Amino acid sequence: MRDSDVLDNNPHISRSALEAIHGQVFGWALSRCDYDQAAAEDLVQQAYIELLTGKARFERRSSLKTFVFAVVRNLARSRYRRIASRLRLVRSEGAAVADEPVHPVEPDESARLWEAVQRLPRRQRDIVELVFCRDMTIEAASGVMGVTTGTGRVHYERAKKALRKTLKRDE
């Protein structure tokens, strides 16, 4: 890592390392924002600001990819917590709030599999996406999700079992 490439407020992160994982970080942000491109762009930008300012400090306790994915997850979680509390307030006042439309899925084999993944509980869906789509180990994915490796393995096994059952039933 060249000294000129290192972030000022995060000495263990280089710009080139962030550039190398940017596509995967953006894909993770998209999935956290229900595939809303503008929201994902905002989320990634906010994560990079956290890294550049040193508010989120990388201390090499995990891989850089795991760390950045966890930053994005935490930012998305806090963002949607605020939105959910606003929705509860609006609903308690009696105003109608329309649900977001579901994205249509093309009727092919991978779309059928992805649709089955989308029906999984949140943590199972997250572990499947991180392991299969983001090329992480179960250990790294567990770190991103903020759970122990054992818990990650349980969610992974349950997800595989549920997917087998759903896909077999749909055949």
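The values are calculated or read from the model by the stated rules, or taken from the named source; none is laboratory data. Since this is a predicted model, take the numbers as computed values, not measurements. So basically every Cβ, Gly included, is an ideal-geometry build from the backbone, and we count neighbours across all protein chains shown.
Say whether the condition of being touching a residue at least 24 places away in the same chain (Cβ under 8 Å) and over 15 Å from the mean Cα position of the chain (by Cα) is met by at least one residue in the stretch 149-157. Looking for residues that are touching a residue at least 24 places away in the same chain (Cβ under 8 Å) and over 15 Å from the mean Cα position of the chain (by Cα), one finds at least one in the stretch 149-157, hence yes.
If I filter the stretch 58-79 for residues that are basic (Lys, Arg) and at pLDDT below 60, do I get at least one hit? Scanning the stretch 58-79, I find no residue that is basic (Lys, Arg) and at pLDDT below 60, so the answer is no.
Scanning the stretch 9-55 for residues that are part of a loop (DSSP other than H, G, I, E, B), over 11 Å from the mean Cα position of the chain (by Cα) and on the phi < 0 side of the Ramachandran plot yields 9, 36, 55.
When the criteria are applied in full, residue 118 fails the requirement of being farther than 20 Å from residue 140 by Cβ, assigned by TED's automatic domain parsing to the domain that holds residue 18, polar (S, T, N, Q) and modelled with pLDDT of 80 or more.
Just name the residue that is surrounded by the most Cβ atoms within 10 Å (Cβ to Cβ) out of those in the stretch 123-146 that are among the β-branched types (Val, Ile, Thr) and under 16 Å from residue 30 (Cβ atoms). If we take residues in the stretch 123-146 being among the β-branched types (Val, Ile, Thr) and under 16 Å from residue 30 (Cβ atoms), then 144 is surrounded by the most Cβ atoms within 10 Å (Cβ to Cβ). For the stretch 50-68, the count of residues that are surrounded by 14 or more Cβ atoms within 10 Å (Cβ to Cβ), acidic (Asp, Glu) and either in contact (Cβ under 8 Å) with a residue 12 or more places away in the chain or closer than 20 Å to residue 131 by Cβ (or both) is nonzero.
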